[in-house]
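Peer 1: Provided herewith is a single structure, encoded as C-alpha cells, for subsequent inquiry.
The values are calculated or read from the model by the stated rules, or taken from the named source; none is laboratory data. Keep in mind that what you see is a predicted model, and the values were worked out from it rather than measured. FYI the Cβ positions are ideal-geometry reconstructions off the backbone, even for glycines, and counts take in every protein chain you see.
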Amino acid sequence: MSGSPVLQMKNICKSFPGVKALDNVSLNIYSGESMALLGENGAGKSTLMKILSGVYTKDSGEMIFKSKPHTPKDPKDAMNKGIAIIHQELNLIPELTVAENIFIGREPVNAFLKVKYSQMNAEAKRYLEQLGEKTSPTAKVSSLSVGQAQMVEIAKALSMNAEVIIMDEPTDALTDVETENLYKVIRSLKAEGKALVYISHKLSEVFDVCDRATILRDGTFVDEKPVSELDEEKIIQLMVGRPISDRYPKCDCKAGDVVFTAEGLTNSRITDVSFSIRSGEVVGIAGLMGSGRSEVAKSIFGEMPLKKGKISLAGKELRINHPSEAIKNGISYVSEDRKQLGLIIGMTIKENITLPALKKFQTALSKISFGREEEVSKEYIDMMSIKTTGPSQRVVDLSGGNQQKVAIAKGLVTAPKVLILDEPTRGVDVGAKKEIYEQINLLKAKGMSIILISSEMPEVIGMSDRILVMSAGRIAGEVSGAEATQENIMKLAISNIKNAV
Ligand SMILES: Nc1ncnc2c1ncn2[C@@H]1O[C@H](COP(=O)(O)OP(=O)(O)OP(=O)(O)O)[C@@H](O)[C@H]1O
Ligand SMILES: [Mg+2]
C-alpha cells in the first residue's frame, strides 16, 4: 500500500533481571495499515510496544518516527508525539467515572481551571458511540463488566487522536458485536491514514483487520510478511517453530457418578439454574456475554449471594457464603478477571499459587514451610510451562498469558473436587492453549469434575462432554459434546432474548 514506514524500530534490545526480553528486534509500521504483532506468550510483544510508547526505555537500538529519532521520555511524551497504546492489562481507575478515565490528565477546563464536566461527558459519549457502546460517561468504572471497561480503554486511545495506535489484545474481553464495532473503527482509522499495531492470540482476527504481520519468537525477530501470504498454519509454524496438530486433544476417560448438583439457583442475575456433574466430566457453559455464565460460577463459589437454590457435593448439601468456604469444601474457581479477582499481581508467583492453600504449607508450629512452598510452586511452573525466572518472580512482571497460567495453578493447588474455569485460555497462545487442554484432560482422568465457561465456541465444543447454554440468566438448553455445533449453541444462546423482546 504505502511506500516507506512511518515508524521504524531497529535492532531493539531489552533485558530484565534474568531475562533477555528482546534481542535485536526490528519492526516497521506503515500509515493506513494495520500491523499484526504475533508470537507466543512471553515472546516480547508487549515489551516492544511499551518501549515504543515510553513505558520502558530500550537498552539499545534505534527508533525513527516520521524521519526523526523517537526517544520518548515517558508515556505522556509518547502520547504527545502521536503514539497511543491500549494496554493488555486494563489501566483504568475503578473509582472514577468513564469520562474521567478517558480524559484523565487532559480534562477540558474553564478559565478558572475548573473541569468542564458537561463538555467532557459529551465528548466521552461521542467516542463511546463511535464504538457502538451505550455505557454512560458518568458511570463509575467499577460498575462495568470487563468488556465494557475494555471499550472505555479503546475510547480513551481514540480520544487522543494519535497517528500510531497500538492495540494489545483489544478484543480479549469483547463480545462478538463489540468486536465487529471495533473492526469498523479500525477500518475507518486506516482509511484516515493512521498506523495500527494489533496484538492478538485469536489468529483469525489477523485476517479480519491486518495487512502485514511481524512474528517474534523468544525475544527475536522471525519474519515480516503481508497477511495475504499467510494462513493460520503458517503463522503457527512461524510463532512456535513447529506445526500444532489436533488443537483440542481428546480424553478417553469415562465419567463416574454424579458428584455435584445445583438446584434452582436464583438471584438477581440468574434464574432457576439446575444441573449436575459427574466425576471425570467436563461440563461447558456457553452463552453470550452477560447471559449469566460467570454469575453461575460466582454463585456456586460464594462470591455472589443466592436468594434461592441448593448446592450439593457428594450427596451432602453445602452452605457456602464465602469463597473460603467453597475452597474448604473442595470447590475452586479460576475467575475470568485475573487482575481483579484472580491474582495479587504485586506478589510473587509462589505467594499467589500457595495463598488459597496456606494451611497445607503450615508446619506443626503453624509456621508456613517456605521450602515446601517453593517446591510446590516449582511443580506448577513446570506443569503449566510458566515462562519465568522462578517462583520468587512477581506476577506483575510476567507476560499476560503467563499470568493466566498462574491463575489456573492457583485454582488447582487446593486439589478441588469441582474446578470452575472461567475463560481459562484468555490471552494464552495456541501452543499453551493445547497444554492447558491437556491438563484439563489429565484432571478429568483423575476424576475431577470441571465446569468450563468460555466464549470461544471451538474451545467449549472441543473440550466439553456436555454443554449448557445460557440465555438471559437461565439455562436455555443442553447439547451433548458430540452433537454440538456453533449454530445449535447460538440458537439456544439467543432464544430467551428473542422471547423477551
Ligand atoms: N517489568 C518486567 N520485569 C521483568 N520481566 C519482564 C517485565 N516485563 C516483561 N518481562 C519479561 O519479558 C518477557 C517478554 O514479556 P512480554 O510481556 O513482552 O511478552 P508478550 O509477548 O507480550 O506475551 P503475552 O502474549 O503472554 O502477553 C517475559 O519473559 C516477561 O516475563
Ligand atoms: Mg503481552
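Peer 1: For residue 236, indicate whether it is at pLDDT below 95, in the same structural domain as residue 19 (by TED's automatic domain parsing) and hydrophobic (A, V, I, L, M, F, W, C).
Peer 2: For residue 236, the condition - at pLDDT below 95, in the same structural domain as residue 19 (by TED's automatic domain parsing) and hydrophobic (A, V, I, L, M, F, W, C) - is met.
Peer 1: Look at segment 347-367 and say how many of its residues are of a type outside the set (Val, Ile, Thr) and at pLDDT 90 or above. Steps first, please.
Peer 2: Taking segment 347-367 as the starting set, the residues that turn out to be of a type outside the set (Val, Ile, Thr) are 347, 350-352, 355-362, 364-367.
Remaining after also requiring at pLDDT 90 or above: 347, 350-352.
Total meeting the criteria: 4.
Peer 1: I'd like the full set of residues that are crowded, with 18+ Cβ neighbours inside 10 Å, closer than 15 Å to residue 95 by Cα and within 22 Å of the chain's Cα centre (by Cα), limited to segment 129-143.
Peer 2: Matches in segment 129-143: 141 only.
Peer 1: Hey, residue 207 hits all of (1) more than 14 Å from ligand 1 (Cβ to nearest atom); (2) closer than 27 Å to residue 65 by Cβ but one; which does it fall short on?
Peer 2: (2)
Peer 1: Anything in segment 391-412 that is away from ligand 1 (no atom under 11 Å from the Cβ) and either out of contact with any helix residue (DSSP H, G or I) (no Cβ under 7 Å at 6 or more places or on another chain) or not charged (D, E, K, R) (or both)? List them, or say none. Walk me through it before giving the result.
Peer 2: Step one: of segment 391-412, the residues away from ligand 1 (no atom under 11 Å from the Cβ) are 391-392, 406-412.
Residues satisfying the conditions are 391, 392, 406, 407, 408, 409, 411, 412.
Peer 1: Across segment 261-273, what is the total count of residues that are touching a residue at least 60 places away in the same chain (Cβ under 8 Å) and either over 28 Å from the mean Cα position of the chain (by Cα) or under 19 Å from residue 439 (Cβ atoms) (or both)?
Peer 2: Within segment 261-273, the first condition is being touching a residue at least 60 places away in the same chain (Cβ under 8 Å), and the residues that meet it are 269-273.
Now drop any that are not either over 28 Å from the mean Cα position of the chain (by Cα) or under 19 Å from residue 439 (Cβ atoms) (or both), which leaves 272.
Qualifying residue count for the region: 1.
Peer 1: Then there is this: Considering only residues of segment 171-202 that are in contact with a Leu (Cβ under 7 Å, 6 or more places away or on another chain) and polar (S, T, N, Q), which is farthest from residue 404 (Cα to Cα)?
Peer 2: Looking at the filtered set, the residue picked out is 181.
Peer 1: Answer yes if at least one residue in segment 61-69 is free of Cβ contacts under 8 Å to residues at least 40 places away in the same chain, buried (at least 24 other Cβ atoms within 10 Å of the Cβ) and either closer than 24 Å to residue 210 by Cα or of a type outside the set (D, E, K, R) (or both), and no otherwise.
Peer 2: Checked segment 61-69: no residue is free of Cβ contacts under 8 Å to residues at least 40 places away in the same chain, buried (at least 24 other Cβ atoms within 10 Å of the Cβ) and either closer than 24 Å to residue 210 by Cα or of a type outside the set (D, E, K, R) (or both).
Peer 1: Now, a different point. Considering only residues that are over 17 Å from residue 145 (Cα atoms) and within 19 Å of the chain's Cα centre (by Cα), look in segment 160-180 and name the one that is surrounded by the most Cβ atoms within 10 Å (Cβ to Cβ).
Peer 2: Top of the filtered list is 166.
Peer 1: For segment 46-98: of the residues being basic (Lys, Arg) and under 13 Å from residue 9 (Cα atoms), which is nearest to ligand 1 (Cβ to nearest atom)?
Peer 2: Among those that are basic (Lys, Arg) and under 13 Å from residue 9 (Cα atoms), it is 50.
Peer 1: Yes or no: residue 381 more than 16 Å from the chain's Cα centre (by Cα), crowded, with 23+ Cβ neighbours inside 10 Å and away from ligand 2 (no atom under 16 Å from the Cβ)? Spell out how you get there, then give the answer.
Peer 2: On the way: more than 16 Å from the chain's Cα centre (by Cα): yes; crowded, with 23+ Cβ neighbours inside 10 Å: no; away from ligand 2 (no atom under 16 Å from the Cβ): yes.
No, not satisfied.
Peer 1: Moving to a separate point now. Name the strands (runs of 3 or more DSSP E) wholly within segment 216-303 that hold at least 2 residues that are among the aliphatic types (A, V, I, L, M)?
Peer 2: In segment 216-303, the matching strands (runs of 3 or more DSSP E) lie at 258-266, 273-278, 282-287.
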